[in-house]
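Structure record follows, encoded as structure tokens.
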Amino acid sequence: MRSLTQYRRIVQVAAVAVLLLLNACAPGGNSDAGPAPSKPVSTGVGSEPVTLKLLVNSGVDVPFYTALGELFHAKYDNVTVKVENQDYATLTTTIARILAGSNVPDLVRVSQLGNLIEDRLLTSLDPYAKTYGWDQWPQSQFASTRVGPDGKQRGTGALYAAGAGFGLTGVYYNKALAQRIGMTRPPATVAEFGQLLAKAKDAGLQPIMINGKDGGSVYPLQNLVMSSAGDAQAVQDWNYAKPGASIDNPATVKAATTLQRWGQDGYLPADVNDIDQTRAPAEFVKGNGVFFPSGNWQAPGLDKAGAGEFGFFLFPPGEAGGPSYAMTAAANLGIPAKSPNADVAAAFLDFVQTNQQARQATVTLGGLVPAGPSNASAPTAPQGSAVAATVSAFQELLTSNGLVGFMADATASIHVNSLIPQTQLLLAGKTTPEAYAAKVQSDYERDLGQ
Amino acid sequence: MRSISSPPVMRQASSMTGPSGAPAATQPAVPRPIPPRTRHWSALLWIAPAFGMYAVFVLYPMLQSVQYSFYDWDGIGPATPAGLDNWKAIFTQPELLHSVEHAFILIIFYTILPVGLGLIAASFIRELRPGAFSTTARVVLFVPQVLPLVAAGIAWTWMYSSDGLVNQVLRAVGLDRHARAWLGDFTFALPAVGVIGVWVMLGFCTVLLLAGIGKIDPALYEAARLDGAGRISEFFAVTLPGLRRELVVCTTFTMIAALASFDVVQIATQGGPGYQTMVPGVEIYRLTFLQQHVGQASALAVFLAALVLLIIWPIQRLGREK
């Protein structure tokens, strides 16, 4: 049996230990490390044997970047591209640790910039953009990976990532079912789209197939916000964390009202909140759904399921002839600050954006649309295929500046913690459009304030 | 999550066999006297390797979490002292507090139902003659324990979907009215997740309780029968008191699993629909890895750990011999 004094002593020792620990230096790195001195950059890849290490997501990324690496090796035979991969969730959560570690890749797939810039883990690509002439290309393709000096505001400042291709959202339609409800051309306005949905409902068809479980329903919502506002500036500012940006406005309320009404009118599946991104395309392919709002990453799969059976149009504007918008995100690659082969990595980035064969691989293997210079050759895709439709829509938006980032990417957690649950509540009638707009905005401010 | 919650079981299991397996009478009547001082130091030597590992891999990280909870830190860059802000947020942000509430609701499904049903199942299996049927019954009940929870989560997600097995069965028996997308339903999502917990935990509880019943002296059952006890009173007079330690182990283990649940929710619902199934485990994961708010995540984790200890402690006391 221990005596009371012994217990007291143990408690004292433990208390002292805790205090010592708490008084020890704060966790984390040093804040005084200034920006890395800019080194002179070179466009050459030299003649020494170099192994360029790429770290990408598991899945389709692997054959895609392996193919790009082989094309690059064919052009510069001293460079061997080695592709390593980690699954998306793992890489997203460990990327900062990897880049801060001692064994860094030369290029890394960056899904979200997060704190990587603030913690100085990526190299600024500005010197390369200048040397390679990327600054002469349409600049909207680089906006989302520019980060301001505070490390938070995007769309302005230095460039930190660039990619081979882009994702793009719009609305797929089942050509046979669309014909049955008398759709001869894509709807010119949101109101016209609504009429088509009503016709589909009357014809006993499921008007829209969509995945509300993991955020597919946020796409039409954002499109409705931009359509009812008539322009995308407010959303873009919001995405880029521009000081004072807000979406707690009439456009968002109107958009949320429309989406909620679509749900109440039975235009969305009854179990919308239970459908995930695997099930939605499978149901759509089966004919359960005339329309399927989603992104170009679905196009190769839809073409495979039924070549020529599925079409694609951009979400209609609020008023006829108004601007069309689509959400886009690049498959971005960044050069880690610690990479010893930054020049070669930059040469690879330039290659994948400009080389004809690489651009074709981006479409056929990556399921993405390449951007690059405005006069670059557009990759080919079979006539009438869903892929071809997404490629031409992207080219159209690239010149009309209709490419907007995803609201889901505005902060690291706005998607899972606010947009998805709030849209589910909205569709279930458990929140009002006004409360929806206010809550998403207040969560956003809390995220940025911390 | 499971790896975290397994140590208490092992600890309990070993202490369980201790007293009954080695009664005091077998010890030497007169122990050789050892000078107290030597014994003290040699004891330290013996526990040093285990304690070293425990200190480095458990105690130190735990203290670190406590320290982080007072900082605003992204895990890489400089940390700034945050005072009690992270702690205040737990009680002021409704989403964080609701997630703790849901964890308590899960106790019904992870603890109360499996332990109750496990007792019934174990009593029935005890009466079965050893043979193919009783072995099959044990295996069937225990199989969920062998499957990774992630696989279980995916399988259940399919069964719960609008065209899944659960709804097919409902429609087959004419209950079409009650068919629904269970995990997408605001009322039924949390109970549906809970049922997965019942399925996983029931086998563990049954097998452990069955082992406990096997240890009860058959003479007691015989005596009870001779005294004219029926099945019910036999259960309350012999089985239940004899299972005291096993019940404590079951309750402790399953309660920790309920309060620290993560995998099933992350796979099946991701906290949705709305915030209906959000639990602290998922919240901590998101705060750490998605939002990189290591400080806030640590505060919630320390709070959760304290909560678990607070709830487990009285149960452990109940389990001690009078």
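A short reminder: the numbers here are calculations on the coordinates, not readings from a lab. On a predicted model such as this, the values are computed, not experimentally measured, just so you know. Using ideal geometry, Cβ is built from the backbone for each residue, glycine included, and neighbour counts are taken over all protein chains shown.
Tell me the net charge near A:ALA129. Cut-off is 13 Å between Cβ atoms, A:ALA129 excluded, with +1 for each Lys or Arg and -1 for each Asp or Glu.
Counting the neighbours of A:ALA129, the net charge comes to -1.
For the range B:238-322, what is the relative contact order in percent, using Cα pairs closer than 8 Å and at least 6 residues apart in sequence?
For the range B:238-322, the relative contact order is 33 percent.
Which ³J(HN,Hα) values, rounded to whole Hz and listed in residue order, are derived for the range A:145-159 from phi using the Karplus coefficients 6.51, -1.76 and 1.60 in 6.51 cos²θ - 1.76 cosθ + 1.60 with θ = phi - 60°, glycine and proline given as x?
Listing the rounded values in order: 10, 8, 10, x, x, 7, x, 10, 5, 9, x, 8, x, 7, 8 Hz.
Please compute the net charge surrounding B:GLY271, taking Lys and Arg as +1 and Asp and Glu as -1 over other residues with Cβ under 10 Å from its Cβ.
Here the count lands on -1.
Can you compute the helix-only [θ] at 222 nm over chain A? Use -39500 (n - 2.57) per DSSP H run of at least 4 residues, normalise by all residues, nearest 500 deg cm²/dmol.
It lands at -12500 deg cm²/dmol.
List every residue whose amide H lies under 5 Å from the amide H of A:ASN85, counting only residues 5 or more places away in sequence or on a different chain, with H placed 1.01 Å from N in the peptide plane.
A:VAL56
For the range B:143-269, list log₁₀ I(q)/I(0) at each q in 0.18 Å⁻¹, using the Debye formula over Cα point scatterers of equal strength and ignoring solvent, two decimals each.
Debye output, listed in q order: -0.94.
What distance in nm lies between label points placed 7 Å from Cα along the C-beta direction at A:GLU434 and B:PHE133?
About 6.6 nm separates the two model spin labels.
How far is it, in nm, from the label point at A:LYS286 to the one at B:ARG126 when both lie 7 Å from their Cα along the line to the Cβ?
Each label point is offset 7 Å from its Cα along the Cβ direction, giving 4.8 nm.
Any idea what the relative contact order of the range B:94-319 is, in percent, if you count C-alpha pairs under 8 Å spaced at least 6 apart?
31
Principal axes first, then extents: for the Cα atoms of the range B:94-319, list largest minus smallest coordinate on each axis, whole Å, largest first.
Between the extreme Cα coordinates on each principal axis of the range B:94-319 lie 64, 47, 27 Å.
Would you mind getting me the FRET efficiency between A:GLN139 and B:MET62? Use the beta-carbon distance for r and R0 = 56 Å, nearest 0.05.
0.65
With each pseudo-label sitting 7 Å past Cα toward Cβ, what's the A:LYS75-A:ALA320 distance in nm, one decimal?
Rounded to a tenth, the inter-label distance reads 4.7 nm.
Students often get this wrong, so check it: of A:LYS82/A:LYS304; A:LYS175/A:LYS304; A:LYS175/A:LYS254; A:LYS175/A:LYS286, which have C-alpha atoms separated by over 20 Å?
A:LYS82/A:LYS304; A:LYS175/A:LYS254
Which residue, B:SER134, B:SER298, B:SER99, tops the fluctuation ranking in a GNM of chain B built on C-alpha contacts under 10 Å?
The residue that fluctuates most here is B:SER134.
Return, for the Cα atoms of the protein assembly as shown, the radius of gyration and Dmax in Å, separated by a comma.
30.7, 101
Count, for each residue of B:284-295, the Cβ atoms from other chains sitting within 10 Å of its Cβ, then give me the mean as a whole number.
Partner Cβ neighbours, averaged per residue: 4.
To the nearest Å, what is the center-to-center distance of the range B:238-265 and the range B:117-152, using C-alpha atoms only?
Using only Cα atoms, the two centres lie 16 Å from each other.
Tell me, what ³J(HN,Hα) does each residue in the range A:401-411 have, in order and in whole Hz, if you take phi through Karplus 6.51 cos²θ - 1.76 cosθ + 1.60 with θ = phi - 60° and put x for Gly and Pro?
6, x, 8, 10, x, 7, 4, 4, 9, 4, 9
Could you give each residue of the range A:383-400 its phi-based ³J(HN,Hα) in whole Hz, using Karplus coefficients 6.51, -1.76, 1.60 with θ = phi - 60°, and x for Gly or Pro?
3, x, 7, 5, 4, 4, 5, 6, 5, 6, 4, 5, 4, 4, 6, 4, 7, 8
Find the eigenvalues of the gyration tensor of the Cα atoms of chain A, then list the square roots of 5 times those eigenvalues as equivalent ellipsoid semi-axes, largest first, in whole angstrom.
Equivalent-ellipsoid dimensions as semi-axes: 39, 32, 20 Å.
Let me know the shape class of the range B:263-320, please: from the alpha-carbon gyration tensor, a ≥ b ≥ c as square roots of the eigenvalues, rounded when a/c is under 1.5, otherwise prolate if a/b is greater than b/c, or oblate.
Since a/c reaches 1.5 but b/c is at least a/b, the shape of the range B:263-320 is classed as oblate.
Which number comes out as Rg/Rh for the range A:127-235 once both Rg and the Kirkwood Rh are worked out on C-alpha atoms?
My calculation puts Rg/Rh at 1.12.
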